1. Go through (1) without any contact (Cβ under 8 Å) to a residue 12 or more places away in the chain; (2) buried (at least 16 other Cβ atoms within 10 Å of the Cβ) for Lys449 and report which single condition fails.
2. With among the β-branched types (Val, Ile, Thr) and surrounded by 12 or more Cβ atoms within 10 Å (Cβ to Cβ) as the only criterion, which of Thr188, Thr139 stands out?
3. Considering Phe260, Phe267, Phe201, which residue is within 9 Å of the ligand (Cβ to nearest atom) and more than 16 Å from Asn61 (Cα to Cα)?
4. From the residues in the stretch 219-238 that are among the charged types (D, E, K, R) and out of contact with any strand residue (DSSP E or B) (no Cβ under 6 Å at 6 or more places or on another chain), which one is nearest to Val56 (Cα to Cα)?
5. If Arg381 satisfies every condition in (1) of a type in the set (Lys, Arg); (2) at pLDDT below 95; (3) within 16 Å of the ligand (Cβ to nearest atom); (4) in contact with a Lys or Arg (Cβ under 9 Å, 6 or more places away or on another chain) but one, which is the exception?
6. So Asn253 clears everything in (1) within 14 Å of the ligand (Cβ to nearest atom); (2) surrounded by fewer than 20 Cβ atoms within 10 Å (Cβ to Cβ); (3) at positive phi except one condition, right? Which one?
7. Is it the case that the stretch 79-100 has a residue that's among the basic types (Lys, Arg), modelled with pLDDT under 95 and open to solvent by less than 70 Å² (accessible area, probe 1.4 Å)?
8. Every residue in the stretch 338-396 that is outside any strand (DSSP E or B), among the charged types (D, E, K, R) and open to solvent by less than 30 Å² (accessible area, probe 1.4 Å), please.
Amino acid sequence: MAQEDVFKKVVSHCKEYGFVFPSSEIYDGLGAVYDYGQNGVELKNNIKNYWWQYMVRLHDNIVGIDSAIFMHPTIWKASGHVDAFNDPLIDNRDSKKRYRADVLIEEQIAKYEEKIEKEVAKAKKRFGDSFDEEKFRSTSERVIEEKAKRDALEKRYQEVMNAEGGIDLEGMKQIILDEGIVCPISGTRNWTDVRQFNLMFKTEMGASADGASTVYLRPETAQGIFVNYLNVQKTGRMKVPFGIAQIGKAFRNEIVARQFIFRMREFEQMEMQFFVKPGTELQWFEEWKKRRMAWHQALGFGAENYRFHDHDKLAHYANAATDVEFKMPFGFKEVEGIHSRTDFDLSQHAKFSGKKIEYFDPEDNTSYTPYVIETSIGVDRMFLSVICHSYCEEKLEGGETRVVLRLPAALAPVKLAVFPLTKKDGLPEKAQEIINSLKFHFNCKYEEKDQIGKRYRRQDAIGTPFCVTVDNQTLEDNTVTLRYRDTMEQKRVAIADLQGIIEEKVSIPYLLKNLK
Ligand code: GAP
């Protein structure tokens, strides 16, 4: 199946099976805002739990906090978000549609790349086994021509993005005009100038318009950690190196909000700031790269689906940065950022608040502003990567197709579904009895509607790793049929053994034990 089709199927599967709904759907939705349904919220909570248990429980020197979404507005001045958290925007006068100018240019670069790949694919088909791809790429006139155009555009793009004093907005517009980029709606080149647009949502705090002050919905959770650095370090008697972790909502007025829950206006982040002694930050950066990649790979999705994308161009306050990218159906995409942010944030907050924000190191009697390694992952992007990778359509013997979510059992919304074979003879009561004893240990679901086969399919579609059928034999010998999602194997087991068989496999610690 083409990857594009996989993605479309995942999106409709998420809706059909109660994972993700468009927000305010009965009012025709709200752009790039989504709600998590009955199964989605369980999967999301399990992802957050997997992160929290790894970061906070398994690291003696990391503690968690939960800071408020509203913060003093000066925080966003100090962090640089008021002045520099911008996207370059351009409007088409005919369609009245607004675009990110950088995205229009990146799409144009991608178009050249697509043309090159099409030429290569055509030649590969024509020449079969004797095809020498490397030679073709270096000698085909069409490929050389398209590559030259692509490289020239990339060079110009980098120049305008990295211009002295910030992005060269006029230069950006000129590229759009020179490349003949048209509005996908109107098909015209009737563009406005490029303007900077701040991504933070603003609102008023206070009862009266006079006394109200402007506050922002936080665009990242990290600043809540920085401004609590002193509180946590002192009350927790934390010794550098140590970390503070937080999970919470963040808001960005994204202009190009696309690809389902990949880029949203309201989303959730799991961030950790690790405070280290200046001079040791690059060692810690490498260490956190390793640890975070191990956490991702412990899900068992295959190392080939992950890669690091190290940043060549660094923000002025960073001295190293990388993205953990995952292979989504629409290509390798950033799921997590790992950044070495120097002492920028703490120093800025010291400057703007007038408070001394330092650490006294008892080992060498010195005081310093700690440097920070940040790991920042989007819960929703992680959710998307998990569900895309797990979605599977299988042809069964007899020609039937089953849709199964091969979720890691510890992340599955429901761990065990219990079915009475029929709705009579006391079987529903027996099934309910099993649920009542196991629901304290993991999430169970009762299902009595339809034939057993259909019930299995419904559970496969939401990724339930175990199903149990209660039949007349159960009433005699207290055994049930246990069915495994992935292999569809069925075996007779004692009710008394169910907890032991299932609990371990569906627990987060079971997943954490895969960590290398
Ligand atoms: N404190 C650093 C920070 O916020 P970022 O790279 O802007 O860094 C970190 O964001 C992560 O948050 C990203 O890797 C992504 O997973 C997630 N994220 C960012 N913007 C998002 C959006 N609009 N929708 C969903 N997730 C987003």
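The values are calculated or read from the model by the stated rules, or taken from the named source; none is laboratory data. Treat the numbers as computed from the prediction; the structure is a model and nothing was measured. Every residue, glycine as well, gets a Cβ built from its backbone with ideal geometry; the counts of neighbours run over all protein chains shown. The protein model used for the area step is the full one, side chains on, heavy atoms only, and it has no ligands, DNA or RNA in it. Shrake-Rupley method; radii C 1.70, N 1.55, O 1.52, S 1.80 Å.
1. (2)
2. On the way: Thr139 fails: surrounded by 12 or more Cβ atoms within 10 Å (Cβ to Cβ).
That would be Thr188, the only listed residue that is among the β-branched types (Val, Ile, Thr) and surrounded by 12 or more Cβ atoms within 10 Å (Cβ to Cβ).
3. On the way: Phe260 fails: within 9 Å of the ligand (Cβ to nearest atom); Phe201 fails: within 9 Å of the ligand (Cβ to nearest atom).
Of Phe260, Phe267, Phe201, the one residue that is within 9 Å of the ligand (Cβ to nearest atom) and more than 16 Å from Asn61 (Cα to Cα) is Phe267.
4. As a first pass, look at the stretch 219-238 and keep what is among the charged types (D, E, K, R): 220, 234, 237.
Within this subset, residues satisfying the condition of being out of contact with any strand residue (DSSP E or B) (no Cβ under 6 Å at 6 or more places or on another chain) are 234, 237.
On the way: Lys234: 18, Arg237: 16 Å.
Looking at residues that are among the charged types (D, E, K, R) and out of contact with any strand residue (DSSP E or B) (no Cβ under 6 Å at 6 or more places or on another chain), I get Arg237.
5. (2)
6. Tallying (1) within 14 Å of the ligand (Cβ to nearest atom); (2) surrounded by fewer than 20 Cβ atoms within 10 Å (Cβ to Cβ); (3) at positive phi, Asn253 fails exactly one: (3).
7. Step one: filter the stretch 79-100 for residues among the basic types (Lys, Arg), giving 93, 96-98, 100.
Subset that is modelled with pLDDT under 95: 96-98, 100.
Going one step further and asking which of them are open to solvent by less than 70 Å² (accessible area, probe 1.4 Å), we end up with 100.
Looking for residues that are among the basic types (Lys, Arg), modelled with pLDDT under 95 and open to solvent by less than 70 Å² (accessible area, probe 1.4 Å), one finds at least one in the stretch 79-100, hence yes.
8. Taking the stretch 338-396 as the starting set, the residues that turn out to be outside any strand (DSSP E or B) are 341-358, 362-365, 369-370, 379-390, 396.
Adding the requirement that they be among the charged types (D, E, K, R) leaves 341, 343, 345, 351, 355-356, 358, 363-364, 380-381.
The answer is Arg341, Asp345, Asp380.
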